[in-house]
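No value in this document is a laboratory result; all are computed from the given coordinates. Worth saying up front: this structure is predicted, and the values here are computed from it rather than measured. All Cβ positions, even for glycine, are placed from backbone atoms using ideal geometry, and neighbour counts span all protein chains on display.
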């Protein structure tokens with residue numbers, strides 16, 4: 001899956017358990033830069049540079065589930081929902097030739113100058 005490709009199959013599982021995200025996820029390079037907006041809104045800083053870093057990591061089912069276990073939404077999820085989700089993640093990844101999922105990440109560095 002590339003950052004701008006259609007929604008992955010596991011998002012349907014989130015929708016089925018009432019934990020779906022409305023609309024498509026934006027590609028990492030299209031995510032807004034909240035720090036730049038804060039700089040502008042403060043009137044204290046001017047943005048002099050922004051750099052976006054985008055990368056992808058590959059996960060086995062166990063690695064991905066361990067990652068999901070660190071997200072507050074998954075921690076707060078009712079145990080039965082979470083277990084159903086994790087079973088489906090395992091099932092979907094087991095059906096792939098390499099058994100892995102690609103997850104894209106991004107980080108933004110915003111440089112400002114005090115006005």
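Label-to-label distance for residue 111 and residue 58 is 3.5 nm, based on points extended 7 Å past Cα in the beta-carbon direction. A Gaussian network model of the chain, with springs between Cα atoms under 10 Å, assigns the largest mean-square fluctuation among 23, 99, 73 to 23. Between residue 67 and residue 19, the distance separating the two model label sites (each 7 Å from Cα on the Cα→Cβ line) works out to 1.5 nm.
GNM on the chain, alpha-carbon springs under 10 angstrom: the most fluctuating residue among 51, 91, 103 is 51. Label separation (residue 37 vs residue 90): 3.9 nm, computed from points 7 Å beyond Cα along the C-beta direction. Size estimate for segment 50-115 follows the Kirkwood approach: the inverse of mean 1/r over distinct Cα pairs works out to 14.0 Å. Given (1) 32.4, 93; (2) 17.7, 56; (3) 22.1, 86, which label gives Rg and Dmax of the Cα atoms in Å as computed from the coordinates? Evaluating Rg and Dmax of the Cα atoms in Å on these atoms matches (2).
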